[in-house]
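Below: one structure, written as structure tokens.
The values are calculated or read from the model by the stated rules, or taken from the named source; none is laboratory data. Since the structure is predicted, the reported quantities are computational estimates derived from the model, not experimental observations. Cβ placement follows ideal geometry from the backbone for every residue including glycine, while neighbour counts extend to all protein chains displayed.
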Amino acid sequence: MTVHDKDTEILETRETTKKDCQQTKLCSIQKDIDMNDELKDRIKQLENELKDQRYTDRNTIYELENCVADLQKNILLQQISIVILDRTIRRNLTSP
């Protein structure tokens, strides 16, 4: 093997190594891009789940507020009934 052949072999090996390294970098970059896309999709999915949960929470709060209003109305009606019953009993006791 001549010196020129050896130099050519070294240069070819260097070029092959350089190409392999570039290919590896490209593969790594592509993997990063793919993972970023997956992460973006996951973020969108989580945002949608959060929006759905907020909607559900708002509906639950609305239902609970309605229940509280109904209970307050029932309490008021019971208090009115107690006052009426109390007056009726007093009237009956004071009537001759």
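Listed residues 30, 78; which is surrounded by 10 or more Cβ atoms within 10 Å (Cβ to Cβ) and at pLDDT 95 or above?
Working: 30 fails: at pLDDT 95 or above.
Exactly one of 30, 78 is surrounded by 10 or more Cβ atoms within 10 Å (Cβ to Cβ) and at pLDDT 95 or above, namely 78.
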Report summary line: Within segment 1-27, the residues that are surrounded by 10 or more Cβ atoms within 10 Å (Cβ to Cβ) and among the hydroxyl-bearing types (Ser, Thr, Tyr) are 8, 13, 16, 17, 24
